[in-house]
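Readers should treat all values here as calculations from the given coordinates under stated rules, not as data from a laboratory. Computed from a predicted structure; not experimentally measured. Methodologically, a virtual Cβ is constructed for each residue, glycine included, from the backbone with ideal geometry; neighbour enumeration extends over all protein chains shown.
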Amino acid sequence: MIPVRSPAMAQLGFDGKVAIITGAGGGLGRQHALLLASRSALIVVNDLGGAVDGSGSDAGAAQLVVDEIKQAGGEAVADNNSVATADGGEAIVQTAIDAFGRVDIVINNAGILRDKTFHNMTPDLRDPVIDVHLNGAFNVTKPAWIRMREQRYGRVVSTSSAAGVFGNFGQTNYGAAKMGLVGLTRVLAVEGARYGINANAIAPLARTRMTEDILGGLGDKLAPELISPLVTYLAHESCAATGRLFSIGGGRVAEVFLGETNGYFDAALTPEGVADNWATVTDREGYSVPANLAEETALFLPFLS
Ligand code: NAI
């Protein structure tokens, strides 16, 4: 595979577009903030500054990243509200409006972990994880969305995970939230289409405090800054992709998609008919990749007409 590097391609610039990046006091979010700021985006560096499990808070984390951006000649403002409440989401968007007068880009990145096997999963482990990842994206994107609709432009990039999309031991809370973000993204793409708003999701793999204990030797190859080029492209106005999910890590970027087999049809379907034709039901030859519900429904039509 030969990388295509066009010397003629102008650098993707953001020319004063305003980006909210949640959880940007460290890890991946910090890298997104630094890269977008270096491309002339105005940044809201949001971070509660707590531990990996979501406990505690520290206003210093976001401010440090703001200082870093300013030292490099960029523009940024710190915000320490939690994404986990509707009030927090409103306040984060208000920070963008107060500092820069608008919001063009939301990068839903804040996250916590409370891993436990499903049979030991309790509400105190489940709810905060869903509140930060899934409800957090609702809480921040909603007030931004109102403005994006008005200005007929917006970019939303949400951080999903292979742990939810593909499954991983001990992460029902996290996996459900992360796959929930895929559903949110797909519906936002449908609803945003008329308003110039694109929504996409990423499933990253990188060395951060969240993953440093589990990546082993591979961690050396998975620098967190290698996630930000994809996020930056998805946040750019030249990127037409919407409703899509991308896997990214260590310099490799790929698309993850939901496919549907052609299926088996019998107008008088029985349980035995399903069992007998399981190979046809699950035959992935010639599968389809519907972009939305309407395209999925259309797959029934050849059988029903
Ligand atoms: P991280 O722990 O360094 O970053 C997460 C940030 O979110 C922290 O700075 C934390 O203070 C902040 N945060 C937590 N709760 C918050 C809240 N309620 N409000 C505002 N900020 C809050 O970890 P990392 O790896 O940078 O994670 C970033 C995102 O990427 C997360 O959503 C994570 O689930 C996701 N992810 C990361 C992977 C990896 O390989 N590092 C793999 C798959 C997903």
**Message:** Per residue of region 290-305, what does 6.51 cos²θ - 1.76 cosθ + 1.60 with θ = phi - 60° give for ³J(HN,Hα)? Whole Hz please, x for Gly and Pro, Karplus curve as stated.
**Reply:** x, 8, 6, 4, 4, 5, 5, 4, 4, 5, 6, 4, x, 7, 9, 8
**Request:** Run through every distinct alpha carbon pair of region 137-292 and return the Kirkwood hydrodynamic radius in angstroms, one decimal place.
**Result:** 17.7
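Could you please rank Leu28, Leu215, placing first whichever residue has the fewest other Cβ atoms within 10 Å of its Cβ?
Working: Leu28 27, Leu215 16.
Result, fewest neighbours first: Leu215, Leu28.
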**Fill in**
Once both label points are put 7 Å beyond Cα along the C-beta direction, the Ser40-Ile214 separation in nm becomes 4.0
**Asked** So what J values fall out for region 235-251 if you push phi through Karplus, 6.51 cos²θ - 1.76 cosθ + 1.60 with θ = phi - 60°, rounded to Hz, Gly and Pro as x?
**Response** 8, 8, 5, 6, 8, 8, 4, 8, x, 10, 10, 10, 9, 8, x, x, x
**Prompt:** Tell me, how many Å apart are the Cα centres for region 134-202 and for region 273-305?
**Reply:** 26
**Prompt:** Between Thr270 and Thr85, how many nm apart are label points set 7 Å from Cα along the C-beta direction?
**Reply:** 6.0
**Label point distance in nm, Arg5-Arg194, each placed 7 Å from Cα along Cα→Cβ** = 4.5
**Message:** If amide hydrogens are placed 1.01 Å from N in the peptide plane, which non-local residues have theirs closer than 5 Å to the one on Leu42?
**Reply:** Gly16, Lys17, Val18, Ala19
**Asked** So how tilted is helix 136-151 from the main axis of the chain? Cα-based, degrees 0 to 90, rounded to 10.
**Response** 80
**Complete:** Taking His119, His236 and counting other beta carbon atoms within 10 angstrom, the fewest-first order is His119, His236
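Could you work out how much longer the chain between Ser238 and Glu225 gets when fully extended? Use 0.36 nm per residue separation minus the Cα distance between them, nm to one decimal. Before the final figure, lay out the partial values.
Numbers: separation 13, 0.36 × 13 = 4.68 nm, distance 2.14 nm.
Length difference between fully extended and current span is 2.5 nm.
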**Prompt:** So what is the orientation-averaged projected area of the chain, using the convex hull of its C-alpha atoms, in nm²?
**Reply:** 19.5
**Request:** Quick one: which residues, 5 or more positions from Leu222 or on another chain, have an amide H under 5 Å from its amide H? H modelled 1.01 Å from N in the peptide plane, none for Pro or chain starts.
**Result:** Arg207
**Request:** Please give the contour-minus-distance gain from Val281 to Ala162: 0.36 nm per residue of separation, less the Cα-Cα distance, rounded to one decimal in nm.
**Result:** 40.3 nm
